[in-house]
Amino acid sequence: MKKKIITIVGARPQIIKSSAISRAISGVFKNDLEEIIVHTGQHYDENMSKVFFEEMMIPVPNYNLNVGSGSHGVQTAKMLEGLEDIFIKEQPNAVLVYGDTNSTIAGALSASKIHIPVIHVEAGLRSFNKAMPEEINRISCDHMSTMLFTPTQSGIDNLIKEGFKIGVSEKASIDHPHVYHCGDIMFDNSLFFSKTSEDKSTIISNLNLEINGFVLCTVHRDSNTDIKENMESIFQALLDIAENSGLKVILPLHPRTKAKMETQLSEDLFSAINESEMIKVIPPAGFLDIIALEKNARIIVTDSGGLQKESFFFQKPCVILRAQTEWIEIVENGNAILADCDYNRIINAFNSLLTREEFTYPILYGDGKAADFICKKIVTQL
């Protein structure tokens, strides 16, 4: 008999991550697993969700809670109510959650409260900054999970420090969780969709960009967008980078961040950015277009965890607009530099990476078959 898995997605990165598992379930494991997809609607803008389902050939969600935006409490409460009803109706063997969003914590809490095993993909990652909502979500989710799949060795190390045991012999349960180092499913996706992007994406030509002749930048975290001084610092640095390096800065911005530019930036800086021929603000890009931009950029500047990793996958240096990162491996290996929202650190990190000639890209994130590994463990160990 097939095991029924309910997959919870809600934010753009989760939709992307889920495609790797969905491919594995519909392919190698079609006789072993049945997947029910629940979209919480955490990202409600059509450009941030619908386009990704279409591009990634992900099945249309069986349920959409349409929770929309709101405070952490309001958003999570709506999810808890909707998810519990679905879980009781569907009676799954397990609930699978990704990463560290409100959808993640709502899925894990709803399931664990009614004794449904939780499977956490991207377990064990830590920024060691509990001021980040994501840090609270990921720690809490790990300690409610029955199966934990971590993409990195540092994730394993973090879980061991928190009391998790490796190689548990008992049947997987919330009291005896199984922990696995599986590699990164986003590496699976990057390999799978890289050729598709080359064939289908036209964004490089549409924007009239030169190969290795531009900077790709994304900004979306509350700690950057909701504090005026931080927004000013970041966007002043981007303007100076664009004007002094000769490289265009391409900014695919979430609607929320674009709106924040008008309220958080000074009138002079806002005008200078809009008038600059070297800065191009564009709508959120689909995944195939993002891959094309990543592969052809000279440098990536971002506060996105996903883009940090993808910069490494596509062998591009990265300036990280955060004080900490869960992906410490790429910083320790010299592929990325933590600059936070500090103007001088951003400029110095950018110049350092721009002039550096030698980078190495060791195997840090698995062999591109993490989704198959995860599905096999679900089938045999759950």
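A few comments on the model shown:
- For region 1-31, filtered to residues that are free of Cβ contacts under 8 Å to residues at least 24 places away in the same chain and either over 23 Å from L288 (Cα atoms) or not assigned by TED's automatic domain parsing to the domain that holds P59 (or both), the residue that is surrounded by the most Cβ atoms within 10 Å (Cβ to Cβ) is K30.
- G366 being closer than 30 Å to I119 by Cα, of a type outside the set (F, W, Y) and either not assigned by TED's automatic domain parsing to the domain that holds M132 or not in a helix (DSSP H, G or I) (or both): yes
- Pairs where the first residue, in region 264-281, is closer than 17 Å to I241 by Cβ and the second is part of a helix (DSSP H, G or I) and of a type in the set (F, W, Y), C-beta under 7 Å, 6+ apart: L265/F235; L269/F235; I273/F235
Listed here are the residues, each with its yes/no results for (1) touching a residue at least 24 places away in the same chain (Cβ under 8 Å); (2) not in a helix (DSSP H, G or I).
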position	(1), (2)
R126	yes, yes
E135	yes, no
S140	yes, no
L148	yes, yes
L159	yes, no
S169	no, yes
M186	yes, no
I234	yes, no
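- Test: residue in region 3-13 that is over 10 Å from Y98 (Cα atoms), part of a helix (DSSP H, G or I) and touching a helix residue (DSSP H, G or I) at 6+ places or on another chain (Cβ under 6 Å): yes
- Here I300 meets each of (1) of a type in the set (A, V, I, L, M, F, W, C); (2) touching a Cys at 6+ places or on another chain (Cβ under 6 Å); (3) at pLDDT below 95 with one exception, condition (3).
- Residue among F373, F350 that is in a helix (DSSP H, G or I), buried (at least 17 other Cβ atoms within 10 Å of the Cβ), in the same structural domain as L251 (by TED's automatic domain parsing) and at pLDDT 95 or above: F350
- Considering residues of region 247-269 that are among the aliphatic types (A, V, I, L, M) and assigned to a helix (DSSP H, G or I) only, the residue surrounded by the fewest Cβ atoms within 10 Å (Cβ to Cβ): A259
- Residue selected from region 285-313 under the condition farther than 23 Å from Y98 by Cα and either among the charged types (D, E, K, R) or free of Cβ contacts under 8 Å to residues at least 24 places away in the same chain (or both), by the criterion surrounded by the most Cβ atoms within 10 Å (Cβ to Cβ): K295
The values are calculated or read from the model by the stated rules, or taken from the named source; none is laboratory data. Everything quoted here is computed from the prediction, not taken from an experiment. So basically every Cβ, Gly included, is an ideal-geometry build from the backbone, and we count neighbours across all protein chains shown.
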